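The values are calculated or read from the model by the stated rules, or taken from the named source; none is laboratory data. As the structure is a prediction and not an experimental result, all values here were calculated from the model. Please note: Cβ atoms are built from the backbone with ideal geometry, for glycine as well, and neighbour counts cover all protein chains shown. For the accessible areas, the whole protein counts, side chains as well, though only heavy atoms, and no ligand, DNA or RNA atoms are used. Shrake-Rupley method; radii C 1.70, N 1.55, O 1.52, S 1.80 Å.
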Amino acid sequence: MMYIVQAKRRFFSALLAAVTMGFLVGCEPAKETSYTNSMGQEASHETQSKMHAALSFYYSIYRENNLSKAKEFASQRLSQLLEHYGSVSAVQRYVLNRYFDRVEISIDPASFDAYLNRDDEQRVTLVFDGRYDGEMVKDRRDIVLVKENNAWRVDQILDPRYRP
């Protein structure tokens, strides 16, 4: 009888150790998304950094409804503007001039271009495909990314009415 009790204790101890190890292994840091170019090839680290900043900025606003997170991917100048408007709804209305109930956002990989011939500024085109009030909405927007504190940040949202 004593042997059965000891065997059960060992079994439960081993089970607890296995479960604990499973949780620890499952707690690896999240891997950064890998972005590809139009040919399906993985983009360079520099390009991936730019794409990550642009997509994270917009996803923070449109999917996560989180202005604080959006400011992490915005330049100091744009961050101050977002702070001025104070809410995601106001930013969507006055800064981005677009609402979505649900949206998929992608980047035109061929759109990366130096902005005003500066190496630390890039013009990028984002493609929005979503729904608002039951209607399909497709849009393209140009933004300017700047290198600030060794990281790429969204600095400007260019007005689509003046698109070249």
Across (1) among the hydrophobic types (A, V, I, L, M, F, W, C); (2) surrounded by 13 or more Cβ atoms within 10 Å (Cβ to Cβ); (3) not in a strand (DSSP E or B), L145 clears everything bar (3)
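Here is a yes/no grid of residues against (1) within 24 Å of D159 (Cβ to Cβ); (2) modelled with pLDDT of 90 or more; (3) touching an Asp or Glu at 6+ places or on another chain (Cβ under 7 Å):
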| site | (1), (2), (3) |
| --- | --- |
| S49 | no, no, no |
| Y58 | yes, yes, no |
| E64 | no, yes, no |
| A90 | yes, yes, no |
| R123 | yes, yes, yes |
| Y132 | yes, yes, yes |
Residue hits (the range 121-160; within 19 Å of L81 (Cβ to Cβ), in contact (Cβ under 8 Å) with a residue 60 or more places away in the chain and not charged (D, E, K, R)) are V124, L126, I143, L145, V146, A151, W152, V154, Q156, I157
Of the residues in the range 100-116, those that are open to solvent by 70 Å² or more (accessible area, probe 1.4 Å) and at pLDDT 90 or above come to D101, R102, E104
By residue number, the members of the range 65-82 that are surrounded by 13 or more Cβ atoms within 10 Å (Cβ to Cβ) and free of Cβ contacts under 8 Å to residues at least 24 places away in the same chain are N65, N66, K69, A70, K71, E72, S79, L81, L82
Reported set for the range 88-97 where residues are open to solvent by 50 Å² or more (accessible area, probe 1.4 Å) and either part of a loop (DSSP other than H, G, I, E, B) or in contact with a strand residue (DSSP E or B) (Cβ under 9 Å, 6 or more places away or on another chain) (or both) is N97
Apart from one, (1) open to solvent by less than 90 Å² (accessible area, probe 1.4 Å); (2) assigned to a strand (DSSP E or B) all hold for D119; the odd one out is (1)
(message) Residues that are in contact (Cβ under 8 Å) with a residue 24 or more places away in the chain, open to solvent by 40 Å² or more (accessible area, probe 1.4 Å) and part of a strand (DSSP E or B): does the range 50-64 have at least one?
(response) no
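Only one of F100, F128 is more than 17 Å from A74 (Cβ to Cβ), not aliphatic (A, V, I, L, M) and not in a strand (DSSP E or B); which? Outline the logic, then answer.
Working: F128 fails: not in a strand (DSSP E or B).
That would be F100, the only listed residue that is more than 17 Å from A74 (Cβ to Cβ), not aliphatic (A, V, I, L, M) and not in a strand (DSSP E or B).
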